[in-house]
Structures are given as structure tokens and as C-alpha cells.
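Here the structure is laid out as C-alpha cells; the discussion comes afterwards.
Bear in mind that the values in this text are calculations on the coordinates, not laboratory data. As the structure is a prediction and not an experimental result, all values here were calculated from the model. Glycine gets a Cβ as well: all are built from the backbone with ideal geometry, and neighbour counts include every protein chain shown.
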Amino acid sequence: MFRIYSCIRQLFISCLNIFKYTRVENVEQGYQMESVNRDIENNMNAELRAHEDSFIQNPENKIEDFENKANFQDCEQIIDEETIRQFIDDIPHISFQQTEQMKEIGERGIAALTSVIDKMEGFELLEEEQDFNFWIKYVETPEKYQIGIMKYTYTLNTSIDSYLEFMKDLQLQKQMDNSIDAFEKHFDEMNLQINYLRYKKIMFMDPRDFLFIKYYDRKGDDCIEISKSINVDNFKPQELNVKQCTRAVLLLSGNIIKKIDDNKIMITTYSECNMKLKLKPVMTKQASKNEIKKMVKRYRDHFNQ
Ligand SMILES: *[C@@H]1O[C@H](CO)[C@@H](O)[C@H](O)[C@H]1NC(C)=O
């Protein structure tokens, strides 16, 4: 009996801690979020007190009620998904000295990626082949920007080590893709980098640039890497831009890389990005897919040569 009660209590406390934690993380998002969280916290406190009171008055009756009323697994899961969504939407403000924070963002990014990677709700399948699958979904922001969320899988004839080395070679990346205008490393330590990437004008899009953390974690035959935009005060690219450039936002992107054979890996990519574009999805979705296909072809040619 008491075990169930303390279990519930523990759960309420952990819920409260999560809300407190996210509130500290999102100070910039301001008052509105805070007041919502405060309401939830007040409600939870009230709820907890109510349960405590009734439990003391009549313990026998209430136990069953607890069990029936709430599915605590669900409670935990919903809060978890909200926390992950907040993490993805929030672009952290850091300085190059804050390596611990950067690693923490990396770790949380990996947790977020593994959570969102197989949720397919709302995605449209645009291509299905043996070695290439592509899904896309769009979400409109209050400013009417279209956030594109892509998921795709493909294979490469290589090992995880060679793949990681290839990805770290920004000069080579730039050579391989002539829409890249600048690709710079601004921090590099083991499995953590800060990169600056700038694209030239491509088709319907004026120049865009990104400043983001890249972080990876290896576990045996698997590897997970994530990228997430950050804000850094007074950041200056090494190669200054000649034209007007819009800072785009990589909310979360990442790859799950699995070894499927000797010299063969399977890559599953998730990419959620605000390119600060207001064009209708019907106008951009095929083009987005074709850009990815071209990129995959470049990678394949590189590893097959
Ligand atoms: C991998 O190599 C094999 C044999 O050379 C080739 O037939 C196949 O198309 C390659 N696959 C990829 C994904 O590059």
C-alpha cells in the first residue's frame, strides 16, 4: 500500500523537477512559459496535498482510486515529449569557453534524436527504394516560416571510422558540394565541434548560414551524431561574407549510423531545420528531396572510387 503511495509521490516530485529544470533552461522564452509552468506546478502541489489528505483520512478506499485514475507511465511519457520538444525548439546561447554546456547539449541532442527518429506521424513518403527512402513533413511557425522535417535512410560502402573522418574533413565537403560557400571549424575537441557553414544562393533561396554544435557518441557497431544551432555573441566567420546572408536554424539534425556488413553502413538521418523560408511546401518538397539525393550520390561516388 505504502509503496504505491510513495511511488506516486516520487512521480509528482520528478514531474516538478523536470518543469523546474526546463524553466531554468528557457529563461529567454520569458514570462509566458514561466507562468504556464507555475500553474502546472501549483496544480501538482495542490493535487499532491489533496491525495495526502484523503490518504490520511481513509487509506483503504483511496488506493484503488490512485491506480485507476492515472496511468503514470503516460504522465511520464507526455512530460518527456514536451521536454524534448522544448529542447529542440530552444536555441542555446553559449560562449566557446562553455565546453561542459556544449557536451550536455550534445548528450541531450542524442536523447532527443533517438526519441524523434521513429515517430512517423504526419510524414509523407516521397521516395522508397531499396537503398534510399525519404520522408518529409512541414510545420509552420507563428512568423509563417515553413520548418521542414526530413527523414531519410541510405547505405554507403564504407566503415564508421572512414565515414566519421570524411565528415570531419570540411575542406573536402566544400570541394564536393559547390553550393557551399564557407565551411569552418571554430572549436574541435574529440567528439565535439563547433562549425560554421554558409551556402551560396541556390534556386529559390538567398545565401543562408548556420552556426552549430556537432557531437557524436559511439557504441560498438553503432554511432549517433547530432547537430544543433547555437547563438554565440559577436561571432565572426573567418571568411567574411560579401553579400547579405540569413542565419538559418538547425533545430536538430542527426544521423544514426549502423554497421550492416563489412565495409557497409546504413545511415538514418533526421533533420529539422528553419531555413527562414515562407514558400509553400508543395514548391519545395521535391527540390529538397532532390538535393538530398544528389548529396547521397556524391557520398557514394566518393566511397566507391
Ligand atoms: C557498393 O559496392 C557494390 C560493389 O562494388 C556496388 O554494386 C554497390 O552499388 C555499392 N553500393 C553503394 C550504396 O554505393
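Diffusion coefficient of the stretch 181-296 by Stokes-Einstein, Kirkwood radius over Cα pairs, 25 °C, 0.890 mPa s: 154 µm²/s. Each of the peptides 291-297, 227-233 was scored by the mean count of other Cβ atoms within 10 Å over its residues; in descending order, highest first, they stand as 227-233, 291-297.
Restricting the GluC sites (Glu not before Pro) of the stretch 110-205 to loop positions (DSSP other than H, G, I, E, B) with no more than 12 neighbouring Cβ atoms within 10 Å leaves Glu121, Glu129, Glu143. I'd like the distance separating the alpha-carbon centroids of the stretch 250-305 and the stretch 198-226, in whole Å. Their Cα centres are 10 Å away from one another. Sorted on the mean count of surrounding Cβ atoms within 10 Å across their residues, most packed first, peptides 103-112, 171-180 read 103-112, 171-180.
Which of the residue pairs Lys103/Lys185; Lys219/Lys294; Lys243/Lys289; Lys264/Lys297; Lys174/Lys285 have a Cα-Cα distance greater than 19 Å in the structure shown? The answer is Lys219/Lys294; Lys243/Lys289; Lys174/Lys285.
In plain terms, the residue of Ser159, Ser253 with the fewest other Cβ atoms within 10 Å comes first and the most crowded comes last, giving Ser159, Ser253. Report the FRET efficiency, 1/(1 + (r/R0)^6), for Asp161 and Lys243, where r is their Cβ-Cβ distance and R0 is 30 Å, rounded to 0.05. For R0 = 30 Å, the calculated efficiency reads 0.20. In percent, rounded to a whole number, the relative contact order of the stretch 148-305 is 26, using alpha-carbon pairs under 8 Å and six or more apart.
The mean sequence distance of close C-alpha pairs (under 8 Å, at least 6 residues apart), as a share of the length of the stretch 68-210, puts its relative contact order at 11 percent.
Summary value for the stretch 214-305: 22 percent relative contact order, contacts being C-alpha pairs under 8 angstrom separated by 6+ residues.
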